[in-house]
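First comes the structure, then the notes that go with it.
Coordinate-derived values only; no laboratory data. Keep in mind the model is a prediction, meaning the values are calculated, not measured. Here the Cβ is made from the backbone with ideal geometry for all residues, glycine too, and neighbour counts use every protein chain on show.
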């Protein structure tokens with residue numbers, strides 16, 4: 001379950017206006033996120049700020065709505081509307097996911113990043129390039145450290161000879 005940013009699509013309509021409560025376990029604020037994993041691309045989930053550290057509060061949107069209803073954060077018409085909207089959105093996401101897999105797509109949606117040259121690359125390609133860039137920076141730092149150590153060693157040898 002990775003954390004994600006929101007994105008636009010016909011399937012990914014605006015998120016439900018659900019209350020962001022305080023976690024029952026640690027009293028930290030619950031936040032909304034949108035998944036970008038291949039299996040659950042576009043799915044909304046809610047988790048505590050301390051999730052994975054000291055708290056285990058984590059729910060998909062429909063389960064979060066059910067939690068809000070069970071704990072009386074949503075009552076009456078608001079509860080019925082929220083459950084209906086969450087169920088409808090999950091059904092749309094599942095249908096879109098099934099359609100994409102039936103069409104042979106490997107990802108729920110192709111998200112592109114426009115480069116200065118006008119060409120486009122997929123989000124996965126951009127992430128791979130960013131990872132490669134970080135690795136190159138790390139190698140350059142190591143190379144600089146080695147060169148500095150050799151320079152200091154050469155200076156010490158020069159001073160010992162004289």
Worksheet item: Using a basic spin-label model with each label point 7 Å from the Cα along Cα→Cβ, how many nm lie between residue 26 and residue 91?
Response: 3.7
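Quick one: grab the alpha carbon gyration tensor of the stretch 121-161, order the square roots of its eigenvalues as a ≥ b ≥ c, and give me rounded if a/c is under 1.5, else prolate or oblate depending on whether a/b is larger than b/c.
Numbers: a/c = 10.98, a/b = 8.98, b/c = 1.22.
Prolate, since a/c reaches 1.5 and a/b exceeds b/c.
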Response to the item:
For the stretch 30-109, shape from the Cα gyration tensor axes a ≥ b ≥ c, cut at a/c of 1.5 then a/b versus b/c, turns out oblate
Item to complete: Give me the distance in nm between label points sitting 7 Å out from Cα along the Cα-to-Cβ direction at residue 124 and residue 160, one decimal.
Response: 5.4
Worksheet item: residue 142 versus residue 71, label points 7 Å from Cα toward the beta carbon: distance in nm?
Response: 4.6
Item to complete: Quick one: order 141, 47 by neighbouring beta-carbon count within 10 Å, fewest to most.
Response: 141, 47
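Report the calculated FRET efficiency for residue 49 and residue 149 (r = Cβ-Cβ distance, R0 = 35 Å), to the nearest 0.05.
0.25
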